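The structure under discussion appears below in the form of structure tokens.
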Amino acid sequence: MNDQADDNKEIVDESPNRRDFLQIATYTVGGVGAGMAVWPLVDSINPPADVLSLASSEIDISSIKVGQSVTVMWRGRPVFVRHRTDTEIKEARAVPLDSLPDPASDEERTQKAEWLIMVGVCTHLGCIPNGQRETDPKGDFNGWFCPCHGSHYDSAGRIRKGPAPTNLEVPPYQFLDDTTVKIG
Amino acid sequence: MNFYKNIVLPIHDWVDYRLPVFSYVRKNLVDYPTPKNLNYWWNFGALLGITLMTMIITGIFLAFNYTPHTELAFASVEHLMRDVNYGWLIRFMHSSGASMFFILVYIHMFRSLYFGSFKAPRELLWIIGVAIYLAMMATAFMGYVLPWGQMSYWGATVITSLFSAIPIVGDSLVTWIWGGFVIGDNTLMRFFVVHYLMPMIIVLLVFFHLWALHSHHSNNPLGVDMKTPADSIPFHPYYTIKDLLGLGVFLTFYLTFVFFAPDYFGHPDNYVEANPLVTPAHIVPEWYFLPFYAILRSIDDKLLGVIAMFSAVSILFVLPWLDRGRVRSAKFRPIYRQFFWLFVADCFLLGYIGAQSAVEPFVTIGRLAAAYYFAHFLIIIPLVAKFERPLEPPESISAGVLEAQLKSKTAEPAAQLQGAE
Ligand code: HEM
Ligand code: FES
């Protein structure tokens, strides 16, 4: 076999010949086929339909008093719902935007000033910041404090100090009426 | 700068000097001398290897979504089928793949019987093969239990109860296997673990299988050894391309079932969740167990039935010593050849009987077929080996190939071949 191939080389010049074409065609078809066979396996690891379908939660906020927070679940993650005090709102709105690591105004982050709703997952590495309970440490900015690596969030859930890169995420939500919010 | 010369080659040499993986592959898959006359029946080993890999990979992805618990197993499989992306495809590739695996292995085994590939010096290769076959059956049986349908549950009950036929310790053995007094959570968990473990053991056995194979090289349709380099051609590209063509045909066959008849080899009762209080009207094993199931049922005594069934497989282990005939290939064994085909027919007949209910005339036919199965190994094979007068096989593979060419009506290809040599 090898002899034969060597013979061929002497006769045929370097330009691609029939055999090169067949070889490239075989590898291409094989490669595309392998890719198509692997994709279903890779995709099966993605969230399945039942997980994706847990898309929205409705909550009754009538019993949350001023200064209180509750935590609800949305897509398996905690969502913080806080009935803010006037002080908190004032503090949050008084901060100059250009002093923030991730500038966003309090108005952009809330639909109604007294209700702050956000995903309670630290944007650093995924811990759940403290600050929901009255007795929790709230950090240097009267909001939330992540115990894992010390990220401080203010009363609008914006990152102020520490390693987290961005503000706590605001999920899509909608007030269905004065006492009901639909998250998602 | 030449990428191949300056980067690839030095790395290749550096590694190969310390751990000769590349030389190993070259020796065993590229330059490997292979008889030049192998026909398509020699494709099936390679196809089995590819199917083994397919089963392991799809199995791992199934396990990502499976829960080995009696309350959750059935639902977890339904969840896989309905909600997981391509879950249906992965499951059907695995379930139809099991049937493909057995189709391939039966052809592979009958090939070895026909061409005498189990004879010296390939006895251990054959014996390791039989061990692989046993491991495959155990794996398939336990896998079928996992979806926890009615067939899973009652199939598992019946098969594990076979061990209760063993005198004295039988009942405690079954309780031990079950981890309880019925098939339950403990059983399901251990079956899942063992079902995941066995394929790894099969991989190990296949490694030894191929080690033995490469020690004495493949047999071939003429059944004579390779003697001179003229008898062989390198594995690559000749047999890689031949195996690739076979793979294409096989995948077409396999995927036709996966996409168009995924439940063809299954049983509708297995879409009903296991119910320990109700046995389905007809319980039948998977098709690949049917011949042995027929042998089990052909004897009325519980213990003897079980012994007959296990002997039917175990007898394969000693086949190399039952057939002491010198000539390997059935091509040159006019009598053996006829009994070979009778034996194939008998296996199909047993399979058919295994699928019927145990009523007349099936019972009597089944008994005769089972008796013939054993007679083939214990009486016919030794006697034929002793008294048959085989034709004289050709001196070498080249001589045999040439002879065949000359005999065929068109003289031209033969002339070409002569010219080439
Ligand atoms: C996972 C299952 C198996 C795999 C992956 C496998 C793989 C292979 C491969 C790649 C070959 C060489 C190619 C060929 O001859 O087709 C081979 C040869 C052989 N196998 Fe298997 N095999 C398996 C099961 C079995 C079983 C169950 C038996 C017998 C009970 C068996 C008996 C043999 C024999 C006797 C040969 C030598 C054939 C010859 O050289 O003519 N194998 N096997
Ligand atoms: S995870 Fe919150 S600070 Fe690191």
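The values are calculated or read from the model by the stated rules, or taken from the named source; none is laboratory data. Computed from a predicted model, the values in this text were never measured in an experiment. Every residue, glycine among them, receives a Cβ derived from its backbone with ideal geometry; neighbour counts consider all protein chains shown. Heads up: the accessible areas ignore ligands, DNA and RNA and are worked out on the full protein's heavy atoms, side chains in. Shrake-Rupley method; radii C 1.70, N 1.55, O 1.52, S 1.80 Å.
Sort out which residues of the range B:140-179 are touching a residue at least 60 places away in the same chain (Cβ under 8 Å), under 28 Å from residue B:75 (Cβ atoms) and assigned to a loop (DSSP other than H, G, I, E, B), and write them in order of number. Across the range B:140-179, the qualifying residues are B:146, B:147, B:148. With the requirement that a residue be more than 15 Å from the chain's Cα centre (by Cα) and within 16 Å of ligand 1 (Cβ to nearest atom), what does the range B:42-63 give you? Across the range B:42-63, the qualifying residues are B:56, B:57, B:58, B:59.
Every residue, every condition in (1) open to solvent by 10 Å² or more (accessible area, probe 1.4 Å); (2) in contact (Cβ under 8 Å) with a residue 60 or more places away in the chain; (3) in a loop (DSSP other than H, G, I, E, B), yes or no:
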{"position": "B:328", "(1), (2), (3)": "yes, yes, yes"}
{"position": "B:331", "(1), (2), (3)": "yes, yes, no"}
{"position": "B:358", "(1), (2), (3)": "yes, yes, yes"}
{"position": "B:373", "(1), (2), (3)": "yes, yes, no"}
{"position": "B:380", "(1), (2), (3)": "yes, no, no"}
{"position": "B:393", "(1), (2), (3)": "yes, yes, yes"}
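When residue B:115 is tested against (1) among the hydrophobic types (A, V, I, L, M, F, W, C); (2) within 21 Å of residue B:197 (Cβ to Cβ); (3) touching a residue at least 40 places away in the same chain (Cβ under 8 Å), only condition (2) is not met. A residue that is under 26 Å from residue A:75 (Cα atoms), surrounded by 20 or more Cβ atoms within 10 Å (Cβ to Cβ) and either away from chain B (no Cβ under 14 Å) or within 14 Å of ligand 2 (Cβ to nearest atom) (or both) cannot be found anywhere in the range A:91-98. Here is the figure for the range B:81-95: residues that are closer than 16 Å to residue B:263 by Cα and within 12 Å of chain A (Cβ to nearest Cβ) total 10.
Restricting attention to the range B:1-52 and to residues that are touching a helix residue (DSSP H, G or I) at 6+ places or on another chain (Cβ under 8 Å) and open to solvent by 80 Å² or more (accessible area, probe 1.4 Å), the residue that is farthest from residue B:222 (Cα to Cα) turns out to be B:22.
Quick grid of which residues meet (1) open to solvent by 40 Å² or more (accessible area, probe 1.4 Å); (2) more than 15 Å from the chain's Cα centre (by Cα); (3) assigned by TED's automatic domain parsing to the domain that holds residue B:266; (4) not β-branched (Val, Ile, Thr):
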| position | (1), (2), (3), (4) |
| --- | --- |
| B:65 | no, yes, yes, yes |
| B:70 | no, yes, yes, no |
| B:78 | no, yes, yes, yes |
| B:87 | no, yes, yes, yes |
| B:94 | no, yes, yes, yes |
| B:99 | no, no, yes, yes |
| B:103 | yes, no, yes, no |
| B:108 | no, no, yes, yes |
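Quick check: anything in the range B:120-139 open to solvent by less than 20 Å² (accessible area, probe 1.4 Å), touching a residue at least 60 places away in the same chain (Cβ under 8 Å) and on the phi > 0 side of the Ramachandran plot? So far as the range B:120-139 goes, no, none of its residues is open to solvent by less than 20 Å² (accessible area, probe 1.4 Å), touching a residue at least 60 places away in the same chain (Cβ under 8 Å) and on the phi > 0 side of the Ramachandran plot. Consider the range A:56-83 and keep the residues that are small (Gly, Ala, Ser) and either within 14 Å of chain B (Cβ to nearest Cβ) or surrounded by 12 or more Cβ atoms within 10 Å (Cβ to Cβ) (or both). The one that is nearest to residue B:79 (Cα to Cα) is A:56.
Okay, residues lined up against (1) more than 15 Å from the chain's Cα centre (by Cα); (2) open to solvent by less than 50 Å² (accessible area, probe 1.4 Å); (3) within 16 Å of ligand 1 (Cβ to nearest atom); (4) assigned by TED's automatic domain parsing to the domain that holds residue A:57:
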| residue | (1), (2), (3), (4) |
| --- | --- |
| A:113 | yes, yes, no, yes |
| A:129 | yes, yes, no, yes |
| A:133 | yes, no, no, yes |
| A:142 | yes, no, no, yes |
| A:147 | yes, no, no, yes |
| A:153 | yes, yes, no, yes |
| A:159 | yes, yes, no, yes |
| A:167 | no, yes, no, yes |
| A:176 | yes, no, no, yes |
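None of B:205, B:244 is away from every other protein chain (no Cβ under 14 Å), in a helix (DSSP H, G or I) and of a type in the set (A, V, I, L, M) except B:205.
Looking only at residues of the range A:115-127 that are hydrophobic (A, V, I, L, M, F, W, C) and under 16 Å from the mean Cα position of the chain (by Cα), we find that the one that is farthest from ligand 1 (Cβ to nearest atom) is A:117.
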